[in-house]
1. Restricted to region 12-58, and to residues that are under 15 Å from the mean Cα position of the chain (by Cα) and of a type in the set (Val, Ile, Thr), which residue is surrounded by the fewest Cβ atoms within 10 Å (Cβ to Cβ)?
2. Please go through region 122-166 and pick out each residue that is within 25 Å of VAL26 (Cβ to Cβ), part of a loop (DSSP other than H, G, I, E, B) and of a type outside the set (Ser, Thr, Tyr).
3. Can you spot a residue in region 106-113 that is out of contact with any strand residue (DSSP E or B) (no Cβ under 9 Å at 6 or more places or on another chain), part of a helix (DSSP H, G or I), in contact (Cβ under 8 Å) with a residue 40 or more places away in the chain and not polar (S, T, N, Q)?
4. From the residues in region 114-166 that are polar (S, T, N, Q) and surrounded by fewer than 17 Cβ atoms within 10 Å (Cβ to Cβ), which one is modelled with the highest pLDDT?
5. Tell me, yes or no, whether region 59-71 has at least one residue that is modelled with pLDDT of 90 or more, open to solvent by 40 Å² or more (accessible area, probe 1.4 Å) and within 21 Å of ILE144 (Cα to Cα).
6. Checking LEU74 against (1) open to solvent by less than 70 Å² (accessible area, probe 1.4 Å); (2) without any contact (Cβ under 8 Å) to a residue 40 or more places away in the chain; (3) under 25 Å from GLY14 (Cα atoms), which single condition isn't satisfied?
7. Does THR33 satisfy the condition of being hydroxyl-bearing (Ser, Thr, Tyr), touching a Gly at 6+ places or on another chain (Cβ under 9 Å) and more than 26 Å from ALA114 (Cβ to Cβ)?
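The values are calculated or read from the model by the stated rules, or taken from the named source; none is laboratory data. It should be emphasised that the depicted structure is a prediction, and the values quoted were computed from it without experimental measurement. No Cβ is skipped: glycine too gets one built from the backbone with ideal geometry, and neighbour counts run over all protein chains shown. Calculation scope for accessible area: heavy atoms of the full protein, side chains included, ligands and nucleic acids excluded. Shrake-Rupley method; radii C 1.70, N 1.55, O 1.52, S 1.80 Å.
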Amino acid sequence: MAADGRSFLGVVAGALGLIAMLPYIVTILRGTTRPSCVSWLIWTGVSAVLLASSYSSGARNTVWLAGAYCLIPLTMFSLSLRYGEGSATFLDWFCLTGAVLGALSWWTLGLPQATLFICIAVDALGALPTVRKAYRQPYSESLISWLIAFVAAAINLGAIWEWTPS
């Protein structure tokens with residue numbers, strides 16, 4: 001695929017990422033979705049580090065979704081303070097600690113690629129409080145938002161120009 005086609009896929013993925021936020025916000029305001037404060041706090045910090053480390057590692061086509069993934073968690077975290085689930089368990093604190101360590105790794109190691117891998121792992125850890133909550137309360141999350149976000153991530157894979165570790 002040509003470079004301009006890959007760039008286009010990156011922009012489409014970023015736009016879909018933002019679109020995925022809309023039904024989630026609507027369901028939060030209606031009271032049917034109760035976001036996990038801890039997950040969204042973790043994703044807010046990690047997404048900012050991921051965006052910076054991805055860009056620093058040379059990613060350009062895929063940076064649009066990373067940018068959307070910075071805005072989305074910040075918005076959701078802000079809404080979760082009023083409408084979400086705020087109880088913090090050992091798992092929540094464990095994941096939050098992992099997120100902080102991932103962010104600190106870039107400054108201490110000075111290696112954006114290492115930070116990228118650490119933050120991806122921490123990002124997955126940050127999902128655990130939401131997965132636990134969704135398992136216990138299946139209708140407390142917006143399925144359509146998560147499906148659109150999944151499609152955006154899949155499209156973003158097509159925007160990758162060179163399949164290297166970074």
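1. It comes out as ILE19.
2. GLN137, GLU141
3. Going through region 106-113, the residues out of contact with any strand residue (DSSP E or B) (no Cβ under 9 Å at 6 or more places or on another chain) turn out to be 106-113.
Those still in the list that are part of a helix (DSSP H, G or I) too: 106-109, 112-113.
From what is left, the residues that are in contact (Cβ under 8 Å) with a residue 40 or more places away in the chain are 106, 112-113.
Subsequent filtering for residues that are not polar (S, T, N, Q) retains 106, 112.
Yes; the residues of region 106-113 include at least one that is out of contact with any strand residue (DSSP E or B) (no Cβ under 9 Å at 6 or more places or on another chain), part of a helix (DSSP H, G or I), in contact (Cβ under 8 Å) with a residue 40 or more places away in the chain and not polar (S, T, N, Q).
4. Filtering region 114-166 down to residues polar (S, T, N, Q) leaves 115, 130, 137, 140, 142, 145, 156, 164, 166.
Of the ones still in play, those that are also surrounded by fewer than 17 Cβ atoms within 10 Å (Cβ to Cβ) are 137, 164, 166.
Details: GLN137: 83, THR164: 67, SER166: 56.
Checked region 114-166; the qualifying residue modelled with the highest pLDDT is GLN137.
5. From region 59-71, those modelled with pLDDT of 90 or more are 71; that's our starting set.
Pick out the ones that are also open to solvent by 40 Å² or more (accessible area, probe 1.4 Å) and you get 71.
The next check asks that each one be within 21 Å of ILE144 (Cα to Cα); those that pass are 71.
Checked against the condition, which is being modelled with pLDDT of 90 or more, open to solvent by 40 Å² or more (accessible area, probe 1.4 Å) and within 21 Å of ILE144 (Cα to Cα), region 59-71 yields at least one hit.
6. Looking at each condition in turn, LEU74 falls short on (1).
7. Values: hydroxyl-bearing (Ser, Thr, Tyr): yes; touching a Gly at 6+ places or on another chain (Cβ under 9 Å): yes; more than 26 Å from ALA114 (Cβ to Cβ): yes.
Yes.
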